[in-house]
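S.K.: Mind having a look at this structure? Questions to follow.
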Amino acid sequence: MSEKVEEKTTTDDTLKSTLSLIKQSVEELEMSNDVYEYLRVPNRFVEAAVPVEMDDGSINVFTSYRSQHNNVLGPFKGGIRFHPDSTADEVKALSMWMTLKCSLVGTPFGGGKGAVVCDPRKMSIREKERVSRGYVRAMGSVLGPETDIPAPDVYTDAQVMAWMADEYATMMREPNFGVVTGKPIAVGGCVGREEATSRGCVYIAKEAARTLDIPIKGARVAVQGAGNVGGFAALLMEEEGCKIVGISDSRGGIYDPAGLSIKDVMAHKKSTGSLEGISGVKEITNQELLALDCDILIPAAMENQITGKNAADVKARIVVEGANGPTTPEGDQILKENDILVVPDVMANSGGVTVSYFEWVQNNYGFSWDFATVDKHLREKMVEAFNNVYGFYCERCIGSDMRTGAYMYAIKKLAEAMQYRGWLRNGIYT
Ligand code: NAD
């Protein structure tokens, strides 16, 4: 399951719509505009050049970013992506989502995000290593296990994190691998980190189904994306007794109303790199996948998939956003009008950062948990976070949607911390 997102994952509107929802949430909470002022811009935004010697001896100077959005709850935390289309605004928006995610799920971190504007698909492994090490040399002074802790994101993985941890250890003469998470187990990684986002998604999907009285055993599920998040989510939902009626990747999807054997499907994808050529299933487009007759839809591929143009076709009763930003504001509005429960990304895919937090805790302790301990803590965190947010949404956001509820719940916790830390001299509320 190593195939990676092929297209740009955010649009220039992402930052605008994120800011607009944060502002709306602050207003609905009747909070002082000071709260919005703190959340409107990153605490610090660094742009740095990463000069890299390529294998042919030429030098490429890549642009890189680190956005440290807000650390009222603790050190900044968030992934680093290597992507040719990454922009400063994209990185800022993603760091804001991290602030909200950490607040929602109760991890003592602030939001951060980083990127190197490069195309790793066109690089050799040694070039990719030099980019990884170059990023740490460029940004090392603003990173640290108590300051800002990166993790993998699009086109970066455990190996990239290991190079980054090694470079940081060399630079600082301090082998504290807690400076990054998502590392290989051999250098302080956490068991279960690879599938943590999907596992979190599944715990959240189960809670969402329970609240709508949909039995999870036999629930019909469609998954967009067969990568890290989607592939594992489909496998785990199958283990829960769900019927996975459809799954797709960037080239299209497959459908079987009787339920696919996801183990076989993923084995086929692993060996051929594609979902094509599986017998006994119907091949469908990604648009058809989103419109399948099912109980739970998990968009787990990329941004802006459910839009004003196709949201009316969605038949699922619950949408669990495994991907970041898969639904546009126009899509959201239509899903709300059609009474479809959307569990927003900041909640639904927070399992990854939660297990990253567990990894950081273990690194600080110098002690490793077993899988059962990691899984127990993850399940507890996810179930608690869902029920806190769902309860808040039912109480405070009637007529609105769970995304607004999640933003409001997260901002309420952030504002309380700001108040206690003395950042809000005029109080939280207007
Ligand atoms: P990945 O690269 O492993 O998988 C992405 C999958 O989406 C691939 O199967 C790809 O073929 C498919 N895809 C790409 N374009 C598509 C399209 N137009 N239609 C359908 N499928 C398409 O990536 P991932 O790590 O699984 O991340 C997926 C999403 O989840 C991203 O939005 C990412 O930001 C988000 N996310 C990931 C994690 C994590 O821990 N990996 C954590 C939080 C959020």
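The values are calculated or read from the model by the stated rules, or taken from the named source; none is laboratory data. All figures in this text were calculated on a predicted structure; none of them were measured in a lab. Heads up, the Cβs are rebuilt from the backbone with ideal geometry, glycines too, and the neighbour counts pull from every protein chain shown. Just so you know, the surface numbers come from the protein's heavy atoms only, side chains and all, with ligands and any DNA or RNA stripped out. Shrake-Rupley method; radii C 1.70, N 1.55, O 1.52, S 1.80 Å.
S.K.: Could you order M302, M408 by accessible surface area, starting with the largest, using a probe radius of 1.4 Å?
M.R.: Correct descending sequence by accessible area is M302, M408.
S.K.: Would you look at the GNM of the chain, springs on alpha carbons closer than 10 Å, and say which of P329, P215, P75 moves the most?
M.R.: P215
S.K.: Same structure again: Going by the alpha-carbon gyration tensor, a ≥ b ≥ c the square roots of its eigenvalues, is the range 360-430 rounded (a/c under 1.5) or, if a/c is not under 1.5, prolate (a/b greater than b/c) versus oblate?
M.R.: Oblate.
S.K.: At 1.4 Å probe size, with every protein chain present, just tell me what the per residue accessible area of the range 196-348 comes to in Å².
M.R.: 37 Å²
S.K.: Express as a percent, rounded to the nearest 5, the fraction of DSSP beta bridges in the chain (both residues included) that run antiparallel.
M.R.: Percent antiparallel among DSSP bridges in the chain is about 50.
S.K.: How big is the accessible area of H69 in square angstrom, nearest 10, if you roll a 1.4 angstrom probe over the protein chains?
M.R.: Surface open to solvent at H69 totals about 0 Å².
S.K.: Any chance you could look up the accessible area of D249 with a 1.4 Å probe, heavy atoms only, rounded to 10 Å²?
M.R.: Counting only protein heavy atoms, D249 exposes about 10 Å² to solvent.
S.K.: How much of C242 can a 1.4 Å solvent probe reach, expressed as accessible area in Å² and rounded to 10?
M.R.: The value for C242 is about 10 Å².
S.K.: Would you work out the relative contact order for the chain, in percent, from Cα pairs under 8 angstrom that are 6 or more residues apart?
M.R.: 17 percent
S.K.: Quick check: the distance between the Cα centres of the range 99-155 and the range 187-226, to the nearest angstrom?
M.R.: Answer, in whole Å: 25.
S.K.: Could you tell me whether the range 64-188 comes out rounded, prolate or oblate from its Cα gyration tensor? Rule is a ≥ b ≥ c as square roots of the eigenvalues, rounded for a/c under 1.5, then prolate if a/b exceeds b/c, otherwise oblate.
M.R.: oblate
S.K.: Please identify, among A385, A138, A258, the residue showing maximal mean-square fluctuation in a Gaussian network model of the chain using a 10 angstrom Cα cutoff.
M.R.: Most flexible of the set in this elastic network: A258.
S.K.: Tell me the carbon and sulfur percent of the accessible area for the chain, rounded to whole percent, probe radius 1.4 Å.
M.R.: Answer for the chain: carbon and sulfur cover 49 percent of the accessible area.
S.K.: Rounded to the nearest 500, what is the chain's calculated 222 nm mean residue ellipticity when only DSSP H runs of at least 4 contribute -39500 (n - 2.57) each, over all residues?
M.R.: Estimated from H runs of four or more residues: -14000 deg cm²/dmol.
S.K.: Any idea what the alpha-carbon Rg over 2.2 N^0.38 Å comes to for the range 157-258?
M.R.: My calculation over the Cα atoms of the range 157-258 gives 1.43.
S.K.: Which loop-located chymotrypsin sites (Phe, Trp or Tyr not before Pro) does the range 317-422 contain, where loop means any DSSP state but H, G, I, E or B and the Cβ has at most 16 other Cβ atoms within 10 Å?
M.R.: Counting only loop positions with at most 16 other Cβ atoms within 10 Å, the chymotrypsin sites (Phe, Trp or Tyr not before Pro) in the range 317-422 are F367.
S.K.: Could you tell me whether the chain comes out rounded, prolate or oblate from its Cα gyration tensor? Rule is a ≥ b ≥ c as square roots of the eigenvalues, rounded for a/c under 1.5, then prolate if a/b exceeds b/c, otherwise oblate.
M.R.: Oblate shape, in that a/c is at least 1.5 and b/c is the bigger or equal ratio.
S.K.: Just tell me, in residue order, which DSSP H segments of the chain are both 24 angstrom or longer along the helix axis (alpha-carbon based) and at least 0.0 in mean Kyte-Doolittle hydropathy.
M.R.: Membrane-span-like by this rule: 88-105.
S.K.: Sort E239, E28, E321 by accessible area with a 1.4 Å probe, largest first.
M.R.: E239, E28, E321
S.K.: Taking the Cα centre of the chain as origin, sum charge times position over the Cβ atoms of Lys and Arg (+1) and Asp and Glu (-1), and report the length of that vector in debye to the nearest 20.
M.R.: Computed about the Cα centre, the dipole is about 700 debye.
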